[in-house]
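These notes concern the structure reproduced below.
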Amino acid sequence: MIEWVVLGTGVVVAAAYCAWPLRRGANPRSAEASARIEAEGRRDAALAGLDDLEFDREAGKLGVEDFDRLRTLYESEAVAALNELDRLALDPGAPSSDDPLEAEIAAARRLMRCPRCGAPRRAVERCPRCGN
């Protein structure tokens, strides 16, 4: 009888452990992280493609027309990926979570910029650009 109680308790604990991530719900940052990883991969692939393209041109494997066409393609892909990464970039002054430490770091970062012109400065000094 005691074996069944121990076995049943083990099954319940294992089921709760497996179901816990489902109960928490979706992480809203996971979609943003996935988009960031995808954009970084596209950027890296385009830049690697540009390096390979230069190597192939120097080796004489590509003609001028093919090189120009492919370079334009890879450059536009790299620029699109960089623009996507810029769009996904977080505001450095905004806290990235509900963590009090993150909020404290964000507040310290805001103090290191001039509120009038945005120039970097030390928290206790006047702004070197506008004098605020």
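The values are calculated or read from the model by the stated rules, or taken from the named source; none is laboratory data. This is a predicted model, so every value here is computed, not measured. Note: ideal-geometry Cβ built from the backbone for every residue, glycine included; neighbour counts use all protein chains shown. For the accessible areas, the whole protein counts, side chains as well, though only heavy atoms, and no ligand, DNA or RNA atoms are used. Shrake-Rupley method; radii C 1.70, N 1.55, O 1.52, S 1.80 Å.
Key figures
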item	result
Meets criteria (at pLDDT 75 or above, part of a loop (DSSP other than H, G, I, E, B), among the basic types (Lys, Arg) and over 27 Å from residue 40 (Cβ atoms)) for residue 116	yes
Residue in segment 87-96 that is in contact with a helix residue (DSSP H, G or I) (Cβ under 8 Å, 6 or more places away or on another chain), at pLDDT below 75, in a loop (DSSP other than H, G, I, E, B) and of a type in the set (S, T, N, Q) present	yes
Selection from segment 46-69 of residues that are among the hydrophobic types (A, V, I, L, M, F, W, C) and either touching a residue at least 24 places away in the same chain (Cβ under 8 Å) or open to solvent by 70 Å² or more (accessible area, probe 1.4 Å) (or both)	46, 47, 50, 55, 64
